[in-house]
Every structure is written in structure tokens, then in C-alpha cells.
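Undergrad: Can you keep this structure in mind? I'll have questions shortly.
The values are calculated or read from the model by the stated rules, or taken from the named source; none is laboratory data. Not measured: the values here are computed from a predicted model. So basically every Cβ, Gly included, is an ideal-geometry build from the backbone, and we count neighbours across all protein chains shown. Just the protein is used for accessible areas: all its heavy atoms, side chains included, with ligands, DNA and RNA removed. Shrake-Rupley method; radii C 1.70, N 1.55, O 1.52, S 1.80 Å.
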Amino acid sequence: MSQEGEHTDNFIGFSLLADQLQRKTVKRGFEFTLMVVGESGLGKSTLVNSLFLTDLYRNRKLPPVSERLAKTTEIEKTTLDIEENGVKLRLTVVDTPGFGDGLEGSDAWQACVKYVDDQLGQYFQTENSVNRRNIVDTRVHCCLYFLSPYGHGLRPLDLEFMRRLQYKVNLVPVLAKADSLTKRELIAKKKRINAELAEFEIELYQFPDTDSDEDEEFKSENDTLRRSIPFAVVGANTVIEVGGRKIRGRQYPWGLVDIENTEHSDFKHLKRFLIQTHMQDLKDVTHDVHYENFRIALLKELESVGGGGVGGGGVGGCGGQTAQGEEVYEDPETILLLQHKEEEIKKMQEMLNKMQQQLAAESK
Ligand SMILES: Nc1nc2c(ncn2[C@@H]2O[C@H](COP(=O)(O)OP(=O)(O)OP(=O)(O)O)[C@@H](O)[C@H]2O)c(=O)[nH]1
Ligand SMILES: [Mg+2]
């Protein structure tokens, strides 16, 4: 559908979403939240800038590159209201601080998991309040997980992170800084990553199966996108003019990498996947699967808390069952997980109290 020339600086492409949507949604607007997670320095901030922000900042004065590329130190949420061909999109990008190869792993994942959980909890709260006509959906609809191009496959921290997030959010892995790999290395690395993701049973976002009556073009594009996982990306904030055409790219002594050129990276596939072809499905899966799991687990926990004890259900789908019968845990990871669950239950209890107060106030 999108041809050369269409991906100019002032066209993002989400208005093509219209055919996925009902008229009412188009009129009211569309909310979408994307989160980026991964090791420090892999180009998360640069990529979100390349994907959306530079498009949207085109009329504004940009701070110097050095300022824009500062290390991210806290969770940064940027919301942009954009309108294209009469379709409104409220896009939120959640940029998270990267973690290093030190030992701060558990702190790093806790902040991200908490962010995702808080949004699910907030949605639950508003959905259950009297005034629920204008629910603002801040849930994370997609989490891009950045993998290093330098290591051999997945790192322990990558596995840890993805395990914590897999049942809470649509996880989509990306292979960062693809320009540092040759084509052959890239293919080998993708293969290895996919094999390891399967071996460790990491639950990624599942592309929907295409129906036999669906458009051939759509089917083949869905397959291309599915096969691109992990999307090999190159980010760049620099706009370079080549032959009168402005492109976003990285300049090297040996040549130029045009990030939107599908020969160089999957950047364009990723952009299309996110804001054109699969945005609606990412939202549906968030609501029907991740939110539903969270809601059911929360209700179960609240029920058991109300019944005088805390059960051992998987809150928010952290995965796995706790042992039945004797509760003796020696494994530090299990102890940590239980502590985390206890904190979650406490948080839910607080949320329930707040909701009850709110309901009481509203019914007055
Ligand atoms: N070669 C190459 N360099 C990149 C790419 N993307 C970003 N960079 C560079 O990598 C450095 C780090 O980029 P950031 O976008 O700040 O990385 P980050 O993941 O947000 O880092 P933290 O905020 O610390 O988590 C910058 O100097 C970027 O210019 C890429 O695709 N290829
Ligand atoms: Mg950053």
C-alpha cells in the first residue's frame, strides 16, 4: 500500500488505520501506548524519536543532538495528539531507563513491571467507577524489547525482563543497532535469538492468523512482518539530504544507511506493523488477554483477601503456579517472587479501599 515517496517527513501513516476501525472510534480518536525497554545505550530513545517524534517536532526548534541523546534516567512518558486525514491518534511513548550489565537487574525490571501493572490497575479502577464514560486508556499496548547486536544471543537479564513482562504486555523483540552487523551476521543472530526465545518459552506477541478469505496482499505482508521478528532496527535523528530527498540516516566513511530502506533494516516494517497493520490487534490482545488475566487474578486475590487469607494465585499472570500444600521456599528467586506478589496484593488492597471510598462518594 505505501509506496516510495509516501514516507515523507510529514506522513506517519496511521490514518490508513481507518479501514481497521469503526467510524465511532475514528471520530472519538484512538489511543495507543508504546513502551521501550532494554539495556542502556541500545538506541531506545533514538528509535522512538526516529519513529514518531522527529516527525512531530518538525515545526519546533530542536535542542542540540547532544541534549536530546542524554541517557534516560527515569521513565519518561510523552503524549502526542496527532491528526491525519481526519483520524485522531493519541500516541504515548513510554521511554524507560536502560539497565547496565551491573547487578541492578531486579530494580530495573521492577520499575517497568510496576508501570505496566499500575496502568492495568488504573483502567480497572475507572472501569469499575460510576463515571466510566470517558475512560482514558493508558495501558501499554506494546513493549518493544531491545536486544543487543553484540552479544551471543539472549543475556540473562533479557530473559529475566521478558519473563516478568511476558504475560502482562504484548512483547515484541527488536534487534538494536542492526547497522553494526553484516547481512549474514544479522540472519544468524535473528535465527539464534528466535531459537533461544523458543527454548526458554518466552511468550511473545502472537501475530493473528490470517483467514483464507483475506486479501492476498494483507496475508503476504502479515507473513513478511511475522518473519521479520526480531525486527532489526537502525535509529537516527539526523536528516540527511540526498539528491534533493530528505532521509533519516546514519553517515559512515564507507557510505550511508537509510533507516527506512528495507535492504538496510526492518525499521520500515516495524513502523508499519506498529501504526498501520497491527495497532488494532495489539490493542485487542491487550484488552482481551493481558487485561483480562490481570482483572481475573485481581478479583480472585481480592476475594481471597476478603475471605481472610491470601491465596497463591498468579497475580497479573507472573506465570507458574505456587506449590500446593507445604509452603517452604528456599530458592531466592521464589522468595523474591513471593515478596513481589505480596507487594502487589497490598497495592490491590489499597486500590480496592480507594475504589470503595470513591463509590461511596459517588453514590452520595
Ligand atoms: N550505530 C548505531 N548507533 C545508534 C543507533 N541508535 C542509536 N545509536 C547511538 O547510540 C547511542 C545511545 O542511543 P540512545 O538512544 O540514547 O540509547 P538508549 O537505549 O535510549 O540509552 P539509555 O537511555 O541509556 O537507556 C547514541 O550515541 C546514538 O546516536 C543505531 O541504530 N545504530
Ligand atoms: Mg534513552
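Undergrad: Multiply the residue separation of Asn131 and Gln349 by 0.36 nm, subtract the distance between their alpha-carbon atoms, and state the gained length in nm to one decimal. Walk me through the numbers on the way to the answer.
TA: Values: separation 218, 0.36 × 218 = 78.48 nm, distance 2.13 nm.
The span from Asn131 to Gln349 would gain 76.4 nm if fully extended.
Undergrad: Counting only protein heavy atoms, what percent of the accessible surface of the stretch 173-256 is carbon or sulfur at a 1.4 Å probe?
TA: On the way: 2510 of 5130 Å².
It is 49 percent, rounded to a whole number.
Undergrad: Return the FRET efficiency for the residue pair Gln206, Leu256: r is the Cβ-Cβ distance, R0 is 35 Å, and the value is rounded to the nearest 0.05.
TA: Working: r = 36 Å, r/R0 = 1.03.
Efficiency computed from Cβ-Cβ geometry: 0.45.
Undergrad: Here's a follow-up. Skip the ligands, DNA and RNA, and give the accessible area per residue of the stretch 157-217 with a 1.4 Å probe, whole Å². The partial results should precede the final answer.
TA: Numbers: 3370 Å² over 61 residues.
Accessible area per residue: 55 Å².
Undergrad: For Ala195 paired with Lys77, estimate the spin-label separation in nm (one decimal), with each label point 7 Å from Cα along the Cα-to-Cβ line.
TA: Result for the modelled spin labels: 4.1 nm.
Undergrad: Still on this structure, please answer the following. Give me the distance in nm between label points sitting 7 Å out from Cα along the Cα-to-Cβ direction at Asp118 and Glu362, one decimal.
TA: In this crude spin-label approximation the distance works out to 2.2 nm.
Undergrad: Still on this model: What does the highest-first list of 149-160, 174-185 look like by mean Cβ count within 10 Å? Could the numbers behind the result be given before it?
TA: Values: 149-160: 15.7, 174-185: 17.7.
The densest-packed peptide leads the list: 174-185, 149-160.
Undergrad: So how do 215-222, 113-120, 186-193 stack up, highest first, on mean other-Cβ count within 10 Å? If you can, show how the numbers build up before the last one.
TA: Numbers: 215-222: 12.9, 113-120: 19.5, 186-193: 16.1.
Answer by packing, highest mean first, reads 113-120, 186-193, 215-222.
Undergrad: Testing the spin-label approximation: label points 7 Å from Cα along Cα→Cβ at Asp223 and Val289. State their distance in nm.
TA: 2.2
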